[in-house]
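To start, the structure under review is shown below, and the notes come after it.
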Amino acid sequence: MTSKSLFEDEEFSKQDFSSQTISGNEYEYCQFVDCNFSGADLSNCKFIECSFRGCDLSTTNMQNTAIQDVSFESCKMIGIDFSSCNDFLLAFSFVSCQLDYSIFHNKKIVKTKFKDCKIQEADFTQADLKESSFYNCNLADSVFYNTNLEKVDFRSSENYSIDPGVNRVKKARFDIPAVVGLLDNYDIRID
């Protein structure tokens with residue numbers, strides 16, 4: 001990929017961009033299939049209505065990267081700092097992705113869909129997730145602190161620990177038995 005270029009309606013398949021610097025490019029309506037971006041520098045790129053399927057984006061640098069209406073499916077995305085992404089029209093969805101150790105700190109990502117994802121030890125501190133959904137996700141050791149979780153659907157997800165005293169949970173949806181994750185900070189026993 002050439003620096004500072006525009007790509008429209010293109011498909012990139014089985015390409016290895018790992019540890020490369022791909023800065024300033026713009027991709028509109030592009031598809032990335034089985035590509036390796038692990039450790040790549042994608043700073044200042046724009047991805048508009050693109051899709052990533054079966055890609056490895058672990059530890060990519062997304063400093064000021066615009067992600068606008070982008071879908072990720074069956075992608076490995078370990079340790080991505082989404083908090084450094086450009087806020088303008090930021091919107092994405094995740095299906096069957098591995099998002100362990102990812103950071104969503106202070107991001108407004110309302111109505112975001114997470115489905116069948118592994119999201120362990122992720123950081124959602126001060127994020128606005130209003131009306132988002134976590135369907136069948138494993139949220140073990142993920143951090144929710146001063147997070148807006150209003151109307152978020154956690155039904156069918158597991159291993160979350162959310163303190164209602166420090167998060168906004170009005171009209172959030174939970175199911176049994178995972179709902180006990182709301183009581184973790186109270187050091188009580190439930191028999």
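Find the residue count for segment 63-79, including only residues that are farther than 19 Å from residue 33 by Cβ, of a type in the set (A, V, I, L, M) and part of a loop (DSSP other than H, G, I, E, B). Let's see the steps before the verdict.
So the first thing to find is which residues in segment 63-79 are farther than 19 Å from residue 33 by Cβ, and the list is 63-66, 68, 78-79.
Okay, now just the ones that are also of a type in the set (A, V, I, L, M), so 66, 78.
Of the ones still in play, those that are also part of a loop (DSSP other than H, G, I, E, B) are 78.
Qualifying residue count, segment 63-79: 1.
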statement: Taking first residues from segment 168-191 that are at pLDDT below 65 and second residues anywhere that are open to solvent by less than 100 Å² (accessible area, probe 1.4 Å) and small (Gly, Ala, Ser), the pairs with Cβ under 8 Å that are 6 or more apart or on different chains are 185/161; 185/165
task: Of all residues in segment 140-156, count the ones that are under 18 Å from residue 171 (Cα atoms), assigned to a loop (DSSP other than H, G, I, E, B), at pLDDT 95 or above and of a type in the set (S, T, N, Q).
output: 2
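Please state which one of 64, 36, 25 is more than 14 Å from the chain's Cα centre (by Cα), on the phi > 0 side of the Ramachandran plot and either open to solvent by 10 Å² or more (accessible area, probe 1.4 Å) or not small (Gly, Ala, Ser) (or both).
Values: 36 fails: on the phi > 0 side of the Ramachandran plot; 25 fails: on the phi > 0 side of the Ramachandran plot.
None of the others qualify; the one that does is 64.
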task: List every residue pair whose Cβ atoms sit under 6 Å apart, with the two residues 6 or more apart in sequence or on different chains, where the first one lies in segment 18-47 and is in contact (Cβ under 8 Å) with a residue 60 or more places away in the chain and under 13 Å from residue 63 (Cα atoms) and the second, anywhere, is surrounded by fewer than 19 Cβ atoms within 10 Å (Cβ to Cβ) and of a type in the set (S, T, N, Q).
output: none
statement: How many residues of segment 100-118 are out of contact with any Asp or Glu (no Cβ under 8 Å at 6 or more places or on another chain) and farther than 19 Å from residue 155 by Cβ? The answer is 1
message: Just the residues that are within 19 Å of residue 11 (Cα to Cα) and surrounded by fewer than 18 Cβ atoms within 10 Å (Cβ to Cβ), please, taken from segment 39-61.
response: 48, 49, 53, 54
task: Sort out which residues of segment 112-124 are part of a loop (DSSP other than H, G, I, E, B) and open to solvent by less than 20 Å² (accessible area, probe 1.4 Å), and write them in order of number.
output: 112, 117, 119, 122, 124
task: Output the residues belonging to segment 87-98 that are under 18 Å from residue 50 (Cβ atoms), surrounded by 17 or more Cβ atoms within 10 Å (Cβ to Cβ) and not aromatic (Phe, Trp, Tyr).
output: 90, 93, 97
task: Working only within segment 125-139, note down all residues that are closer than 17 Å to residue 175 by Cβ and open to solvent by 20 Å² or more (accessible area, probe 1.4 Å).
output: 133, 135, 136, 138
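The values are calculated or read from the model by the stated rules, or taken from the named source; none is laboratory data. This structure is a prediction, so every number in the text was calculated from the model and none was measured. A quick note on method: Cβ atoms are made from the backbone with ideal geometry, for glycine too, and the neighbour counts reach across all protein chains shown. In case anyone asks, the SASA skips ligands and DNA or RNA and just uses the protein heavy atoms, side chains included. Shrake-Rupley method; radii C 1.70, N 1.55, O 1.52, S 1.80 Å.
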